[in-house]
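Step one of this worksheet: look at the structure below.
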Amino acid sequence: LIHLRFQEILHEEDDYDSYGAESGWVEAKTHCDHLPSLSSDLTHIPIPSTPCSRSLSPIFLNSIILGKIIRIHYPNLTKHFMHTRCQHPSENWLCLSCKVVLCSRFVNKHMLEHYQQTTHSIALSFSDLSVWCFACDSYLDAQLIQQLRPFHETAYILKFGQAPPFRSVESSRVEDKPAMDVPSSS
């Protein structure tokens, strides 16, 4: 009986150790069909400390009919709500199509809403400079995808004040392979 209880305890510990193991490292994609939507203009990229710029408004202001009634009869109320912004200071993403800065799905979901409303699918995180494609539902490798490199490099310079250490396709392949013994020439 003691032996069976000991086995149960060991099994419970194994379950605890593997809890969340399925959410480990995610391989970033090295290709994306949505790259043509990228902005070709790298000027005026906001700095990484830019807060979320989404206007906050109650649902009734978004309704066409009620919105018109409120704008006509209560202009001060409309003005107040139209100037209220999310302004969340962290976990913000840069849309790589229109360069708007909005907060993540873990804050107020404004970048996700932006994608759903505009289909601008690719965004760069100012937190860790990762790139996400909403349409692919995947991270993209900003160092290996040539079209993303300028955005990543510009954001890196704005965040850290120096150029990023880029890896080449060849060096990433070499790093992935096990070391081989090479005979010396002596």
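Observations on the model:
- Qualifying residue in region 134-142 (condition: closer than 13 Å to T30 by Cα and open to solvent by 70 Å² or more (accessible area, probe 1.4 Å)): yes
- Of the residues making up region 108-130, one or more are over 20 Å from S39 (Cα atoms), within 13 Å of the chain's Cα centre (by Cα) and hydroxyl-bearing (S, T, Y).
- Count of residues meeting criterion [among the polar types (S, T, N, Q), closer than 11 Å to L96 by Cα and open to solvent by less than 40 Å² (accessible area, probe 1.4 Å)] in region 29-52: 1
- Highlighted here are the helices (runs of 4 or more DSSP H) found entirely within region 68-186 that include at least 1 residues which are among the small types (G, A, S) and at pLDDT 85 or above: 149-160.
Conditions (1) more than 21 Å from P89 (Cα to Cα); (2) in contact with a strand residue (DSSP E or B) (Cβ under 6 Å, 6 or more places away or on another chain); (3) of a type outside the set (V, I, T), marked per residue:
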| residue | (1), (2), (3) |
| --- | --- |
| H120 | yes, yes, yes |
| A123 | no, yes, yes |
| F126 | no, yes, yes |
| F134 | yes, no, yes |
| I145 | yes, no, no |
| P150 | yes, no, yes |
| P164 | yes, no, yes |
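- Test: residue in region 132-143 that is more than 12 Å from the chain's Cα centre (by Cα), without any contact (Cβ under 8 Å) to a residue 60 or more places away in the chain and closer than 29 Å to P165 by Cβ: yes
The values are calculated or read from the model by the stated rules, or taken from the named source; none is laboratory data. Source: prediction; values computed, not measured. We place every Cβ from the backbone using ideal geometry, glycine too, and count neighbours over all the protein chains shown. The accessibility values were calculated without ligands, DNA or RNA, using every heavy atom of the protein model including side chains. Shrake-Rupley method; radii C 1.70, N 1.55, O 1.52, S 1.80 Å.
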